[in-house]
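Novice: Mind having a look at this structure? Questions to follow.
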Amino acid sequence: MILNPETDLILTRTLAAPRALLWDCWTNPRHLPEWFVPKPHKVVACELDVRVGGRFNTTFDVDGTVMVNEGVYLEVIEGEKLVFTDTYTEGWKPAPDPFMTAIVTFADAPGGGTTYTAVARHRNPEAAKTHAEMGFHDGWGAVAGQMEAFAQGLAARTMTLERVIAAPVAAIWRAWTDPEALPLWWGPEGFTCRTRKIDLRQGGEWDFDMIGPDGTVWPNHHRITQHLAPSLIRYQIRTTDDGPLHADVRASFDAVEGGTRVTLSMTFADQEQHDGAKAFGAVEFGQQTLAKLARQVGAP
């Protein structure tokens, strides 16, 4: 990235939090209000459609003054880069008085953590000077610290499972996105799935019962929020389609020596649900599920 010192303001921090969770802080509309403005100011409304041309709209309460901010995303590179601007609003409608374009990047830091860089790019030196005098470095530095703390809280209630499966990424993707195949292997050893409806496309839902070896039935509802073929699936777990959120799940598939590394990360809605799932045996059951996936694709 080529910077212009006359029009660009830059902030770089090494944050002690996983890159994937910092990305979630920026892209999940339930997370962003928790950290996005310096406290005690608040984000009171948030609409994010994280795709090129999608809306990035927030409303702030600053000491009782309501500030409405509307913009769009210009570039989205999953887990690595977000570019958004208030030069346009959704539908590429020109804004009457644009202020800046922001470029936010995330990279794995040596020794752990994440190198986080935020650039505010302005239309002229005067606008950059105004932003600097408004407190860009102090304000954006404060929210970076708030984001780091919030992401650390997410990490405490995130359960991550990993397995290298001796099969190509394409085979894993098919097993996870084929509505005929997924119910065949999903769940721990001895468990079966009874499907009521299944649509595994982005925006679709899988409504099913997980049936244990003793006949116990656990209702499940998966809402698929993102498909980035063939490397990433995100979905939400609820017990019913209108029930409370149980967990946000991220399943990623990376080609490695020996096959595909499957990483399944579940961020629970609160610490109590995380701890309860862990005590129930979710880690062991999850590893059994990944073992069944391996068998489904013909891997040892």
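Novice: Looking at GLY135, is it in contact with a Lys or Arg (Cβ under 8 Å, 6 or more places away or on another chain) and farther than 22 Å from SER252 by Cα?
Specialist: No; evaluated as a whole, the condition is false for this residue.
Novice: Take the residues of the stretch 38-52 that are assigned to a loop (DSSP other than H, G, I, E, B) and of a type in the set (D, E, K, R): which is farthest from LEU82 (Cα to Cα)?
Specialist: Applying the first criterion (assigned to a loop (DSSP other than H, G, I, E, B)) to the stretch 38-52 yields 38-41, 49-52.
Those still in the list that are of a type in the set (D, E, K, R) too: 39, 49, 51.
On the way: LYS39: 23, ASP49: 12, ARG51: 9 Å.
By that ranking, first place goes to LYS39.
Novice: All but one of (1) in the same structural domain as MET147 (by TED's automatic domain parsing); (2) in contact (Cβ under 8 Å) with a residue 40 or more places away in the chain hold for VAL43; state the number of the condition that does not hold.
Specialist: Answer for VAL43: the failing condition is (2).
Novice: For the stretch 12-40, enumerate the residues that are of a type in the set (A, V, I, L, M) and either without any contact (Cβ under 8 Å) to a residue 60 or more places away in the chain or not assigned by TED's automatic domain parsing to the domain that holds GLU70 (or both).
Specialist: LEU32
Novice: Can you pull out the residues in the stretch 105-133 that are at pLDDT 95 or above and more than 17 Å from THR7 (Cβ to Cβ)?
Specialist: THR105, PHE106, ALA107, ASP108, ALA109, GLY113, THR114, THR115, TYR116, listed by residue number.
Novice: Here are the criteria: (1) of a type in the set (Phe, Trp, Tyr); (2) within 22 Å of the chain's Cα centre (by Cα); (3) not in a helix (DSSP H, G or I). Tell me which single one TRP23 does not satisfy.
Specialist: It is condition (3) that TRP23 fails.
Novice: Quickly run through the stretch 63-101 and pick out the residues that are under 19 Å from the mean Cα position of the chain (by Cα), in a strand (DSSP E or B) and not aromatic (Phe, Trp, Tyr).
Specialist: VAL72, LEU74, GLU75, VAL76, ILE77, LYS81, LEU82, VAL83
Novice: I'd like to verify a number: residues in the stretch 241-267 that are farther than 15 Å from ALA20 by Cβ and in contact (Cβ under 8 Å) with a residue 24 or more places away in the chain, how many?
Specialist: Residues that pass the stated criteria total 9.
Novice: Moving on to the next point. Report, by residue number, each residue of the stretch 224-260 that is acidic (Asp, Glu) and buried (at least 19 other Cβ atoms within 10 Å of the Cβ). Spell out how you get there, then give the answer.
Specialist: As a first pass, look at the stretch 224-260 and keep what is acidic (Asp, Glu): 241-242, 248, 254, 257.
Listed by number, the list holds a single entry, ASP248.
Novice: If you don't mind, there's one more thing I want to ask. Is it the case that HIS221 is crowded, with 17+ Cβ neighbours inside 10 Å and free of Cβ contacts under 8 Å to residues at least 24 places away in the same chain?
Specialist: The answer is yes for HIS221.
Novice: Being surrounded by 15 or more Cβ atoms within 10 Å (Cβ to Cβ) and either within 22 Å of the chain's Cα centre (by Cα) or not in a strand (DSSP E or B) (or both): is that true of ALA132 here?
Specialist: No; evaluated as a whole, the condition is false for this residue.
The values are calculated or read from the model by the stated rules, or taken from the named source; none is laboratory data. These numbers come from a predicted model, not from an experiment. Ideal geometry is used to build each Cβ from the backbone, glycine not excepted, and the neighbour counts take in all protein chains shown.
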